[in-house]
Amino acid sequence: MSDQANHQTAEDIAKGITRRSFIKGVITSGVAVSSANYLFRASSLMGQQAADGVGERLITLNVNGQQRRVDVMKQETLAWTLRYKLGLTGTKLSCDHAECGACTVLLNDVPHYSCSILTHTVRGKKILTIEGLANPDGTLHPVQQGVIDEQGFQCAFCMSGFIMSAVGFLKTNPNPTRLQMAHGLSGNLCRCQDYDKILTAMMRGAENIMRKA
């Protein structure tokens, strides 16, 4: 295929993609661009674990309402298990030091940084990730829909963490003020620093929940 044809094909594809449709695709799966060096690090560590194979054990986790059997290392974090063994890549790894909130999931409805929790310690708990928020029929969670309505993120790498934190917070405070919501999300960082739009999106999600109540 010629360069001209390739260029034309790329233009045709781009015309068919809107920002809204892109965000909707990202929001249901948490998929976003990861840095190349982190992917290299992840693949290297996975290869090392597979080679060692020492200390692995088969456990059962309740993830998004399903019982999942998985081999875990003694010092393996929940974020690592979710992403690289269960394929739930909506849970992002960024700082890997419990500082940014990108890896936030709900454990028994309470937000937690999954990068700082050992997988074997959450047996018997209900784990909810971004992939488990939407209804089986595809209807988005009210907070997810709020993000689409307000288009509240730029690169969206931190989005799943913010959404999970907001969902957990709204379970205890379903009708917050904007200041209360900001406090509830204070454990999450956005490197694009688009906090005002994010907060507006989360407040729209709260409104959506109240409408459904």
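The values are calculated or read from the model by the stated rules, or taken from the named source; none is laboratory data. Just so it is clear, the model here is predicted, and its values are computed rather than measured. Neighbour counts run over all protein chains shown; Cβ positions are idealised from the backbone, glycine included. Ligands, DNA and RNA are stripped out before the accessible areas are found, and what is left, the full protein with its side chains, is counted by its heavy atoms. Shrake-Rupley method; radii C 1.70, N 1.55, O 1.52, S 1.80 Å.
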- [ ] Determine, for each peptide in 131-139, 112-120, the mean count of other beta carbons within 10 angstrom over its residues, then list the peptides with the highest first.
- [x] 112-120, 131-139
Task: Relative contact order of the stretch 77-207, pairs being alpha-carbon contacts under 8 Å that are 6 or more residues apart, as % - done: 28 percent
- [ ] Within the stretch 108-137, which residues have the backbone N less than 12 Å from the label spot 7 Å out from ALA98 along Cα→beta-carbon, could you tell me?
- [x] 112-118
Task: Whole-Å distance, taken between Cα centres, linking the stretch 53-100 and the stretch 110-165 - done: 15 Å
Task: Gyration tensor verdict on the stretch 110-165 (Cα atoms; rounded if a/c is under 1.5, prolate if a/b is larger than b/c, oblate otherwise) - done: oblate
Open item on the list: From the phi angles alone, apply the Karplus equation (6.51, -1.76, 1.60; θ = phi - 60°) to the stretch 189-198 and give each ³J(HN,Hα) in whole Hz, x where the residue is Gly or Pro.
Closed with: 10, 10, 6, 7, 6, 9, 5, 5, 5, 4
Open item on the list: Can you find, among ILE148, LEU106, TYR195, the residue sitting farthest towards the positive end of the charge dipole of the stretch 74-213, where Lys and Arg contribute +1 and Asp and Glu -1 at Cβ?
Closed with: LEU106
Task: Distance in nm between pseudo-label sites at SER116 and ARG191 (7 Å out along the Cβ direction from Cα) - done: 2.0 nm
Task: Solvent-accessible area per residue, Å², over the stretch 144-200 with all protein chains present [probe radius 1.4 Å] - done: 45 Å²
TODO: Take peptides 92-105, 189-202 and line them up by average Cβ neighbours within 10 Å, highest first, as a rough protection proxy.
DONE: 92-105, 189-202
TODO: Note down the magnitude of the dipole of the stretch 100-213 about its Cα centre, charges +1 on Lys and Arg C-beta and -1 on Asp and Glu C-beta and zero elsewhere, to the nearest 20 debye.
DONE: 300 debye
Open item on the list: When a/c reaches 1.5 or more, the comparison of a/b and b/c decides; with that in mind, is the stretch 139-189 rounded, prolate or oblate per its Cα gyration tensor?
Closed with: oblate
Task: ³J(HN,Hα), Karplus 6.51/-1.76/1.60, whole Hz, each residue of the stretch 126-139, x for Gly, Pro - done: 8, 9, 10, 10, 4, 5, x, 7, 5, 5, x, 7, x, 5
